[in-house]
Amino acid sequence: MKGSGIIKTVIIIAVIIVVIGFLALIIPGTVEKFAFKQFGIKLQYKFNTGDELKYAMGTAIIYNIKKVDLPNVPRGSSPFIETWRELGSQKQMAQETQLLYTEKVKSYTPDGIAQISFQVNDAKIRETRGLVSIENAPMENILKGANFLLKLNSLGEVTDFQSSSLLPGNTDPSGMKSLFTSGNATFPDKKLRAGSSWEQTVELPIATAQLSSNGTYKYTYTLEGLENFEKITSVLIKIRLSMDQVVKSNASNMEVTITTKGSGEGTTYFDYKRGRLLQTITNAKLENTITFESVKNPSEKGKINFDNNMLIQYKLMEDSK
């Protein structure tokens, strides 16, 4: 009886294997989805020295100006104030940004740490105020050719921020490390199945001679399952985020404080076989308050309230692997 039971078990297993194999022929990804459901997947970025990835990043932001209060500020006080005075009369501004950049793995150590350079190859920025649309050439020129150097582990955490052509040498490196980590999907060090969730909290302090920023970004990731993204079997991850940030600046004889609160949601497609982020799309809404006061004349002060509707997208365009 025991022998016949073992034989039956073997036959059942054999039939399952045959059925799965047959389904794999007619339904791409069947075996992967079966294995994913039964055993889970550990998500990791994968690096090889010399790898080059080219990404396109796009943002579309709508600024809705709610109130511009400048009771004692004469016209011509500063370009900053006059810009917001103009926006207050128009009530809305749109800004679109398109960046093309290259990530290159400079080195990779056995403990899973990659040194990666980021190089901005091209930048386009367009602003629309009322019926007028203009290209922001000065900012485009600043961004073109900009480069960053950092270290990243296989879970997507930035372990060291080393340099940037855009920032002064006295910039707090811990803040930049947090900034890049907040813009990157990070994974827990364990296997995940459909429905698995994990959280990430990023504290974002940035300090330069004329600017300080403190923010908290909270992300909740949920693994939805396996999906085909442009014929690549990928992991689909849903994202929810919330953020609070305070930025203070004392540039141009003006004490400025910007307070921001917001939330958003998005999706990420991750190629778990090659360890590549294929696409991330995030929609967010932010509520902002700006207060400012002239250093030379404290009576010249004001308050501005506005919100943003923001769309951000990253997409892998080329992969040397």
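Key figures
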read-out	value
Spatial separation of Cα centroids for region 119-134 and region 196-232, in angstrom	26
Other-chain or far-sequence residues with amide H under 5 Å of Leu192's (modelled H)	Ile41, Lys42, Leu43
Extension gain, Ser212 back to Lys144 (0.36 nm per residue minus Cα-Cα distance, nm)	22.0 nm
Largest-first ellipsoid semi-axes for region 40-319, taking √(5λ) over the Cα gyration tensor eigenvalues, angstrom	36, 20, 19
Computed E for Lys285/Glu230 - FRET, C-beta separation, R0 30 angstrom, nearest 0.05	0.55
Residue-span extension gain [Lys106 to Arg126] - 0.36 nm each, minus C-alpha spacing	3.9 nm
Hull shadow area, averaged, region 68-137 [alpha-carbon convex hull, nm²]	8.2
In order through region 265-281: 3J(HN,Hα) via Karplus (6.51 cos²θ - 1.76 cosθ + 1.60), integer Hz, x for Gly, Pro	8, x, 9, 10, 10, 10, 7, 6, 6, 8, x, 10, 7, 8, 7, 10, 10
Table column - 3J(HN,Hα) (Hz), region 238-243, Karplus curve with 6.51, -1.76, 1.60, x for Gly and Pro	8, 10, 10, 9, 9, 8
Between region 246-309 and region 48-88, the Cα center-to-center distance that results, in Å	9
Förster-model FRET efficiency, 30 Å R0, Ser89 and Lys238, C-beta, rounded to 0.05	0.15
Pair Ile258, Ser197: separation of 7 Å Cα→Cβ label points (nm)	3.2
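None of the figures in this text is laboratory data; all of them are computed from the coordinates on show. Please read all numbers here as calculations on a predicted model, not as lab measurements. Cβ: placed from backbone, ideal geometry, glycine included. Neighbour counts: every protein chain shown.
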